[in-house]
Each structure stands twice: as C-alpha cells, then as structure tokens.
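Colleague: Input: one structure, supplied below.
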Amino acid sequence: MERELVIVLDFGGQYNQLVARRVRECNVYCEIYSYKTDLEKIKKMNPKGLILTGGPNSCYGPDAQSCRKELFELGIPILGLCYGAQLMMHILGGKVEQARVREYGKTEVCVDTASRLFGNVPEKTICWMSHFDYISRMAPGFRSVAHTADCPVAAAECAEKSLYAIQFHPEVLHTQEGSKMLYNFVRGICGCTGDWKMDSFVENSVKAIRNKVGNGKVLCALSGGVDSSVAAVMLSKAVGNQLTCVFVDHGLLRKNEVDEVEAVFGSEGFYDLNFIRVNAQERFYAKLAGAEEPEEKRKIIGEEFIRVFEEEAKKIGTVDFLVQGTIYPDVVESGLGGESAVIKSHHNVGGLPNFVDFKEILEPLRDLFKDEVRKAGLEMGIPEKLVNRQPFPGPGLGIRIIGEVTAEKVKMVQDADAIYREEIANAGLEGKVGQYFAGLTNMRSVGVMGDERTYDYAVALRAVNTVDFMTAEAAEIPFEVLQKVMSRIINEVKGVNRVMYDLTSKPPGTIEFE
C-alpha cells in the first residue's frame with residue numbers, strides 16, 4: 001500500500017517505539033530501522049523524513065553507533081533526538097563533550113518560536129532531559145534555537161538543509177509540548193499530509209488479503225485476545241468461509257476464559273466463523289516441565305502452538321496460510337525492528353520455530369500499535385466491550401508465573417487473578433485502570449494461618465496506566481480495595497500466604513512480569 005513514510009533510525013535508545021508511536025499520532029506512517037540500514041535501502045523506501053533516536057553511548061567514543069555523512073545529504077528533513085542530535089553535530093563538524101552538569105528529568109527550556117520546529121510552542125516549556133554529554137560547538141550552518149540554564153544548545157537547526165537537532169526527548173509525555181514539536185516536524189517541515197488513518201488501513205488490508213489468498217484456505221490462530229480477535233474478523237471479511245479459526249486451550253488462560261472465548265466465536269457466538277477448540281493442556285504442561293527461564297518458556301509455547309496448528313491444518317486439508325495477531329511492539333521487542341536489544345521473544349515472532357509447515361504466515365496487524373489495533377477493531381464493527389477487554393499475552397499465564405509452570409501454580413494464578421478482577425469491578429474501577437492482573441512469584445515464605453505455620457507462595461498484583469503500552473506508570477488502587485483483594489486471596493486460594501503490590505513503572509520494568 002502506497003503511503004507517506006517517516007523512518008526512525010534506532011541507535012539503541014529506550015524510547016524508539018515511542019518515537020514511532022508519536023509520529024503515527026500525527027496520522028503519518030512510521031517504521032523503525034537499525035542505524036546500520038544501508039543508505040540505498042533508505043533511498044528506495046523514499047521517506048518524507050528521518051528521525052534519529054537516542055542511544056546509550058557517547059557519539060565520540062571508539063565503539064559509538066554512527067552513520068555515514070551522506071545520510072545528511074539525502075535532501076530530506078532529518079531530526080536528531082538526544083544522541084541523534086549529538087551525532088548529527090559530531091559528524092557534520094561540531095563538537096560534543098562531557099557536560100559539567102548532567103541534566104536528567106523535567107527541565108525548563110527556552111525555545112525560539114521563530115523556528116518552524118517550535119511553532120505554537122510557548123517560549124518557556126518543560127521538557128524531559130537525559131544526557132551526560134552536550135553540544136559544546138554547533139556544526140557549521142547551524143544556529144541554536146533552544147537553551148536551558150545549563151545547556152546552551154538544547155536545540156539547533158540548519159533550516160536551509162532541513163536539519164534539526166533536539167537535546168531532549170519530545171516523544172515522552174513529560175515533555176509538555178513534545179507532540180506539537182513532532183507534529184511541526186512531520187506535518188510542517190516534512191510536508192506530510194497525514195494519510196495514515198484506520199478506515200483506509202482496514203479497507204486496503206482487506207483488499208490486499210483477498211488478493212493474496214485467492215482461493216486458498218486460511219487457518220487463524222485465535223487466542224480470544226484483542227489482537228487475534230481483530231485479525232480473525234479482518235480475515236473473515238476478506239475471505240469468508242475459506243477461514244478456519246483454531247482456538248488452543250493450552251491450560252494457561254484466565255479462569256473461565258476458555259468457555260468465554262467459545263461463547264463469542266463458537267457456533268452460538270457473535271460471529272459466523274468456522275471455529276475449532278483444541279484441548280491441549282497436558283501436552284503444554286509436559287513441554288514446559290522443568291523450564292524456568294522466561295525466554296525458554298516463550299519459545300516452548302511458541303513452537304508447541306505451531307505444531308498444534310499444523311496438526312489441525314492436516315485435518316482440514318491443504319491449508320496455505322497461517323494467520324497470527326502479531327503487532328508492531330511484538331516485532332520490535334523480539335529484536336526484529338530496530339537496534340535495541342531483545343527485550344522478550346514474543347511467542348508468535350521471536351518464539352517461532354525455524355520450520356513452519358505453511359506456505360506463508362499472514363500478519364495483517366504487524367504494522368500496528370495496540371491502540372491502533374483497537375481502532376481497527378472498532379472500524380470493523382467489533383463490539384467495544386471486546387475491543388477494550390483486558391490485554392492478555394499469547395503465552396498466557398506461562399509468563400505470569402515466575403519459574404517453572406505447573407497445573408497447581410496455574411490454578412493459584414487463575415483464582416487469585418479472578419478475585420483481583422472481580423474486586424476491581426466491584427469498586428467501580430473498570431475503565432479507570434489501564435491493565436491489571438495477578439501473577440505468581442517464585443518466592444515462598446513463612447506465614448501463620450489458623451495458629452499453624454505455613455510455607456507458601458506470594459502473589460504479586462500489578463496495575464498500570466498507559467496510553468500506548470510503550471511506557472506505563474503504576475496505578476493508584478485505593479488501599480481498602482487492595483486490602484480486600486489480599487484478604488480474599490489468602491483465604492480462598494490454596495497455597496498462597498502473602499500478597500504484594502508491584503509499583504514498578506515501564507521502563508525500567510515491563511508491563512508483564514516476564
């Protein structure tokens with residue numbers, strides 16, 4: 001599909017996905033690529049602009065991530081952020097050195113509103129700084145367009161060549177006018193018209209799927225989660241009864257979820273889909289026996305999913321395509337998007353086995369962030385209750401149980417999580433808290449119940465608020481609600497004698513435990 005494109009070149013910064021997400025909020029399509037991407041490949045993609053991300057190193061160091069000077073001679077607008085700004089100055093003849101005062105956190109920045117980058121931005125604004133180095137001398141042709149009390153060049157521009165360098169992070173919500181700055185760059189300086197919209201995405205995707213599949217048969221890996229549900233409905237719109245949805249009960253779903261999914265997608269459900277339920281709890285538990293490391297568990301689950309789908313495909317006949325609800329964060333976090341380290345191998349991306357017995361894997365949502373998936377679902381008429389349901393990872397409770405997975409532990413988590421969700425609902429907090437769930441730690445501790453000593457597991461409660469699932473803050477659940485949840489879990493869930501609340505934000509943590 002032809003569309004305007006802005007490319008984010010990733011130098012290893014923690015906010016690479018967030019940069020791309022903010023650009024898409026401007027209705028401009030954006031993809032992340034490694035800074036090592038060949039210059040000729042970039043030219044062929046014909047981007048309207050480039051954004052260079054932050055990174056963990058000093059640009060003047062011997063092992064620093066770098067790029068060719070020719071990148072800045074492509075004749076397209078380029079915006080450098082933090083490390084990207086310093087690298088731009090360093091390569092083009094400026095000087096970057098260690099700052100006498102490190103800037104970190106919310107900082108007042110004075111901007112030159114005559115710069116196109118800062119149009120409609122107040123002269124003084126709060127921005128998020130995070131740097132040890134600073135630009136001590138600008139490259140020839142640049143002028144300073146922002147400063148702070150300790151940083152004389154908080155932003156610089158060479159408007160003639162459409163090159164811009166920002167020392168702070170406009171992509172994070174802590175930068176008050178950050179979205180406006182990025183809008184000024186992609187819509188103003190790059191001249192993008194903003195053609196990235198969900199209605200056109202759905203329409204074009206359905207047409208593309210129909211053309212690709214032809215008369216072939218399609219098997220959809222349906223988990224009942226938001227991503228796979230949206231993918232299933234999109235495929236149904238595209239190919240109708242050529243689609244068969246296979247729902248695998250791997251024994252790692254939430255309490256009562258198996259029946260709930262079948263009620264929605266089965267023969268008596270909301271959608272008229274070819275629906276097959278596969279009961280595979282014991283084979284997954286057997287494969288996971290002894291596995292404790294998160295990446296190992298993800299890969300085991302990913303491969304076993306594929307083997308189940310292959311077996312079901314043979315029962316149907318010749319199936320050409322396997323459909324997965326892969327989304328863009330899955331790709332990037334699995335180390336397949338930019339330059340950042342592998343955070344976690346998603347079972348449907350980095351967790352796939354080397355050999356898959358299908359002609360092709362279709363991933364119609366692979367380009368979308370989570371909130372874009374929800375918008376696509378609503379665009380296709382999926383009920384809001386389904387689209388906005390609590391996110392649930394494909395590997396299920398396998399990654400909400402720290403350490404080895406057993407049927408006994410799964411039941412503990414299912415029961416504890418059901419209590420937690422029930423009390424959140426009773427307190428009227430549904431829709432007010434972003435994502436919440438209970439997980440089982442690998443910690444056992446001494447307790448006293450009924451005047452007897454216990455030595456049982458600890459449950460950890462997690463609740464976060466997030467706009468885009470790229471960053472998240474712990475939600476403030478009222479203490480009386482947490483107290484009630486704790487009391488019920490300890491009294492009703494066998495094998496648990498301690499309940500904790502996880503306050504960790506993302507970053508440095510992730511939303512899930514593993």
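The values are calculated or read from the model by the stated rules, or taken from the named source; none is laboratory data. Given the structure is predicted, the values throughout are model-derived calculations rather than measurements. Neighbour counts are summed over all protein chains in view; Cβ atoms, including those assigned to glycine, are modelled from backbone coordinates with ideal geometry. Calculation scope for accessible area: heavy atoms of the full protein, side chains included, ligands and nucleic acids excluded. Shrake-Rupley method; radii C 1.70, N 1.55, O 1.52, S 1.80 Å.
Colleague: Could you grab the relative contact order for the stretch 143-220? Cα pairs under 8 Å, six or more apart, rounded to a whole percent.
Modeller: Over the stretch 143-220, the number comes to 12 percent.
Colleague: Taking H placed 1.01 Å from N in the peptide plane, check which residues at least 5 places from residue 501 or on another chain put their amide H under 5 Å from its amide H.
Modeller: Residues meeting the amide H criterion: 461.
Colleague: In nm, what is the difference between 0.36 nm times the number of residues separating residue 112 and residue 445 and their Cα-Cα distance?
Modeller: Here the answer is 114.0 nm.
Colleague: Straight-line reach only, C-alpha to C-alpha below 20 angstrom: list the aspartates and glutamates that residue 69 could link to, leaving out same-chain residues fewer than 8 apart.
Modeller: 10, 38, 40, 97, 157, 160, 339
Colleague: A follow-up question, please. Could you check the simple spin-label distance between residue 411 and residue 272, using points 7 Å along Cα→Cβ, in nm with one decimal?
Modeller: Output for this residue pair reads 4.2 nm.
Colleague: Determine the per residue accessible area of the stretch 172-234 with all protein chains present and a 1.4 angstrom probe, expressed in square angstrom.
Modeller: It amounts to 38 Å² per residue over the stretch 172-234.
Colleague: For 110, 127, what's the largest-to-smallest order of accessible area, 1.4 Å probe?
Modeller: In descending accessible area the options line up as 110, 127.
Colleague: Moving to a separate point now. Could you give the size of the charge dipole of the chain about its Cα centre, using +1 on the Cβ of each K and R and -1 on the Cβ of each D and E, expressed in debye and rounded to the nearest 20?
Modeller: 840 debye
Colleague: Right, something else. What ratio of Cα Rg to 2.2 N^0.38 Å holds for the stretch 406-492?
Modeller: Taking N as the residue count of the stretch 406-492, the ratio is 1.18.
Colleague: Ok, one more. At what distance in angstrom do the alpha carbon centres of the stretch 192-248 and the stretch 286-320 lie from each other?
Modeller: Using only Cα atoms to place each centre, the spacing works out to 22 Å.
Colleague: Determine ³J(HN,Hα), in whole Hz, for all residues of the stretch 475-492 in sequence, where each value follows from phi through the Karplus function 6.51 cos²θ - 1.76 cosθ + 1.60 and θ = phi - 60°; x replaces Gly and Pro.
Modeller: For the stretch 475-492, the Karplus curve yields 7, 8, 6, x, 4, 5, 5, 4, 4, 5, 4, 4, 4, 5, 4, 5, 7, 10 Hz.
Colleague: I need the calculated FRET efficiency for the pair residue 283 and residue 149, taking r as the beta carbon distance and R₀ as 45 Å, to the nearest 0.05.
Modeller: It comes to 0.10.
Colleague: Suppose only helical runs count, i.e. DSSP H with n ≥ 4. What mean residue ellipticity at 222 nm does that imply for the chain under -39500 (n - 2.57) per run, divided by all residues and rounded to the nearest 500 deg cm²/dmol?
Modeller: Result for the chain, helices only: -9000 deg cm²/dmol.
Colleague: Whose amide H sits under 5 Å from the amide H of residue 275, counting only residues 5 or more places off or on another chain, with H placed in the peptide plane?
Modeller: It is 245, by chain and number.
Colleague: While we're here: For residue 106, list the lysines whose Cα falls under 22 Å from its own Cα; do not include residues on the same chain fewer than 8 positions away.
Modeller: 124, 180, 506
Colleague: Points 7 angstrom from Cα along the Cβ direction at residue 136 and residue 60: gap in nanometres?
Modeller: 0.5 nm
Colleague: If each residue of separation counts as 0.36 nm, what is the full-extension length gain between residue 41 and residue 292 once their alpha-carbon separation is subtracted?
Modeller: Taking 0.36 nm per residue and subtracting the Cα distance, the gain is 86.3 nm.
Colleague: Let me ask something else. Rounded to the nearest 5, what % of DSSP beta bridges with both residues in the chain are antiparallel?
Modeller: 45 percent
Colleague: Now for a different question. If I take R0 = 45 Å and measure r between the Cβ atoms of residue 315 and residue 98 in this structure, what FRET efficiency does the formula 1/(1 + (r/R0)^6) give, to the nearest 0.05?
Modeller: That gives a FRET efficiency of 0.10.
Colleague: Roll a 1.4 Å probe over the protein chains and send me the accessible area per residue for the stretch 32-168 in Å².
Modeller: 47 Å²
Colleague: Ignoring any ligand, DNA or RNA, what whole percent of the accessible area of the stretch 432-500 comes from carbon and sulfur when the probe is 1.4 angstrom?
Modeller: Roughly 50 percent, rounded to a whole number.
Colleague: ³J(HN,Hα) across the stretch 178-191 via Karplus (A = 6.51, B = -1.76, C = 1.60, θ = phi - 60°), whole Hz, x for Gly/Pro?
Modeller: Using θ = phi - 60°, the values come out as x, 4, 5, 5, 5, 4, 4, 6, 6, 8, x, 5, 7, x Hz.
Colleague: Could I ask something else about it? In whole Å, what is the distance between the alpha-carbon centres of the stretch 429-506 and the stretch 1-61?
Modeller: Centre-to-centre distance over Cα atoms comes out at 38 Å.
Colleague: Only Cα pairs under 8 Å and at least 6 apart count here; give the relative contact order of the chain as a rounded whole percent.
Modeller: Once normalised by length, the contact order is 11 percent.
Colleague: Which aspartates and glutamates have a Cα less than 17 Å from the Cα of residue 411, not counting those fewer than 8 places away in the same chain?
Modeller: 249, 257, 259, 282, 422, 456, 492
Colleague: Among residues other than residue 117 whose Cβ falls under 13 Å from its Cβ, what is the net charge (Lys/Arg +1, Asp/Glu -1)?
Modeller: +1
Colleague: Amide H to amide H under 5 Å from residue 34: which residues, 5+ apart in sequence or cross-chain, H placed 1.01 Å off N in plane?
Modeller: 10
Colleague: Please work out the FRET efficiency for the pair residue 505 and residue 390, using the Cβ-Cβ distance as r and a Förster radius of 25 Å; give the result to the nearest 0.05.
Modeller: 0.85
Colleague: Then there's this: Over the stretch 376-476, with the other protein chains present, what is the accessible area per residue in square angstrom, probe 1.4 angstrom?
Modeller: 42 Å²
Colleague: Just checking my list (i) 131, 74, 45; (ii) 70, 66, 42; (iii) 87, 73, 39 against Cα extents along the principal axes in Å computed from this structure; which label fits?
Modeller: Evaluating Cα extents along the principal axes in Å on these atoms matches (ii).
Colleague: Now, a different point. Roughly what would the spin-label model give for residue 465 and residue 404, points 7 Å off Cα along C-beta, in nm?
Modeller: Using points 7 Å along Cα→Cβ, the separation is 4.1 nm.
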